[in-house]
């Protein structure tokens, strides 16, 4: 085992201790669908997704290093926004979230309800990175990156760590792949558990930059924000640190892509057979399983990352 | 504590030991919705509802008493059918299920897939009891009643028993009320745990025979099978044994009714806030909570009994 892996796995262990009491230990569940599956439904995590694990670890680590910032900032219209809002208010640090003007009002309201300041005026998907830098310069707030951050990666690794504590004999672990925060944390925890444990990332075929990055050995970028049901993985490229963990160090064995039809089918299976109300992004590993794209018959852990679905979309899928 | 309660609680403990390995221990979950709640989501039970607990206990008890029958029989178009089919095939006893001709074909297929023989020809809601007696006489099969049976009641009591093992400080426990199998088992386990623990049954206002039986002190019957979203509690009267436990011995403190609008709202809350894909019947205790009809602020366990919803119905509710 390399020093790189050992050191990062050690940090995942520290993250687990640090965030305990702030996040939930979600159950590891078996299902009638397939006895070889072990599900880790992070839809039951606080705020409805795995994201608070990384956000709490990042903000608690900042404070523990004696660097209590005047505030933290994040750019997100989704699960990361709510996670940072919750973690900051729990730790007693102001949070500012930049959300594009056209975002879902329900998600904006949920972020504000968790105590964060939200700026939407003049924010677009295109200019948000620049506005972020401006606001950081003005206020001295510290960025909590959604994936390209070691503390965030270590926090997200606690999902697989728990899954493997509850089911140490798993042979395969699959997680969604967007920017790579969850998958790189998963890979660290899984390969530390057993080097032969197969780690699989699942992403929409419509957003296959991760797949192409894995195949080519360098970070590939999508030309534009992709159109996919899995709106939690619309980032146009994986992060530098995530690439380093997943593909430079080879801790991810394979990236599998799934079609929009396969994602839709998985959401329906999740509801009707698993009784889990997953968001499409959270159903990505299930989509790969149902489509026969994971190694069948082997004991497989599926990390189902969240449940904050758009109800209209889901209602249409169920019909 | 009365002998009646002690003896039946002892039987619930025996049922727990007997059915272990055949049913799942479902998690006891906390939720962002209200920190006072503890959820027991039986939608994650094998076959998607709590029903196998009673069915396994009944069939295993029959066999343990040395009375292995030529077969077992049940009348159901829903969760009890699948539960009896699974329990019988696991134990190696033939199962015959009478299902009315107009039942949902998906449920019929699911029951057959679990190894049961299904008779639908000529079976109606009105004549099914008579056909049942005819078939029992012909074949010598033993009835597994859906609720008016001690072994079934003791099996269903294992839900609350587990919930209270995981959360011993609960002050209120609420469960759906149809025929009374689940609620009478719940009441036995809860009152044995702590006599001051409040036990509440929740039923649709459209099917309020249980409420009226509680108020009047005798079994009240609905004139016809009621029209309600909560299709798992359309029985027209509670059972004799269930009445005895719940109201004669006073182990149930209160029956609360909820409107169809409250049930629909609860299904939506279950999906969007709890991320649980519940069937309307399974959401009854949540409906009472959301409507403010349970004692608020006290530590309350909600037994969410199942997840086998009609997808069309749910899709309409989510819109």
(request) May I ask you to derive the FRET efficiency for residue A:216 and residue A:30 from their Cβ-Cβ distance with R0 = 56 Å, giving the value to the nearest 0.05? (result) 0.90
(request) Among A:79, A:57, A:104, determine the one that fluctuates most according to a GNM of chain A built with springs between C-alpha atoms less than 10 Å apart. (result) A:104
(message) Starting from the 7 Å offset along Cα-to-Cβ, what nm value, one decimal, do you get for the label separation of residue B:138 and residue A:10?
(response) 7.4
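Please report B:90, B:196, B:227, B:76 as a ranked list, fewest other C-beta atoms within 10 angstrom at the top and most at the bottom.
On the way: B:90 18, B:196 8, B:227 11, B:76 22.
Exposure proxy ranking, most exposed first: B:196, B:227, B:90, B:76.
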(request) Quick one: among A:174, A:266, A:17, which has the greatest mean-square fluctuation in a GNM of chain A with alpha-carbon springs under 10 angstrom? (result) A:17
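May I ask you to derive the FRET efficiency for residue A:20 and residue A:165 from their Cβ-Cβ distance with R0 = 22 Å, giving the value to the nearest 0.05?
FRET efficiency, residue A:20 to residue A:165: 0.95.
If you take each beta carbon of peptide B:275-281 and count the beta carbons of other chains within 10 angstrom, what is the mean?
For this peptide, the per-residue mean of nearby foreign Cβ atoms is 6.
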(request) Could you tell me what % of all Cα pairs in chain A have separations over 33 Å? (result) 18
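Per DSSP H run of at least 4 residues, take -39500 (n - 2.57); add these up for the protein assembly as shown, divide by its residues and hand me the 222 nm value, nearest 500 deg cm²/dmol.
-12500 deg cm²/dmol
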(request) Give, as ranges by residue number, the residues of the range B:98-113 whose backbone N falls under 20 Å from the point 7 Å along Cα→Cβ of residue A:296. (result) B:113
(request) Using only the Cα atoms of the range B:104-153, build the gyration tensor, take square roots of its eigenvalues as a ≥ b ≥ c, and label the shape rounded, prolate or oblate: rounded if a/c is under 1.5, else prolate if a/b is larger than b/c, else oblate. (result) oblate
(request) Provide an ascending nm list, one decimal, of label-point separations from residue B:221 to the equivalent residue in each further copy; define each label point as 7 Å from Cα along Cα→Cβ. (result) 7.6
(message) Can you give me the C-alpha center-to-center distance between the range A:268-305 and the range B:205-274, rounded to a whole angstrom?
(response) 35
(message) Give the separation of the Cα centroids, the range A:1-59 to the range A:69-129, in Å.
(response) 23
(request) Rank B:231, B:102, B:148 by mean-square fluctuation in a GNM of chain B with C-alpha springs under 10 angstrom and give only the top-ranked residue. (result) B:102
(message) Which of rounded, prolate or oblate describes the range A:158-237 when judged by the alpha-carbon gyration tensor and an a/c cut-off of 1.5?
(response) prolate
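Working from the pairwise distances between different alpha carbons, so that the mean of 1/r is found and then inverted, what is the range B:53-143's Kirkwood radius in Å?
Values: mean 1/r = 0.0773 Å⁻¹.
Hydrodynamic radius (Kirkwood, Cα only) of the range B:53-143 equals 12.9 Å.
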(request) With a cut-off of 20 Å, note down the residues of the range A:16-45 whose backbone N falls inside the zone around a label point 7 Å from the Cα of residue A:311 toward its beta carbon. (result) A:43-45
(message) Can you classify the range B:16-171 as rounded, prolate or oblate using the Cα gyration tensor, where a ≥ b ≥ c are the square roots of its eigenvalues, rounded means a/c under 1.5, and otherwise it's prolate if a/b beats b/c and oblate if not?
(response) prolate
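Values in this text are rule-based calculations from the coordinates and carry no lab data. Source: prediction; values computed, not measured. Glycine also receives a Cβ, built like all others from the backbone with ideal geometry; neighbour counts cover every protein chain displayed.
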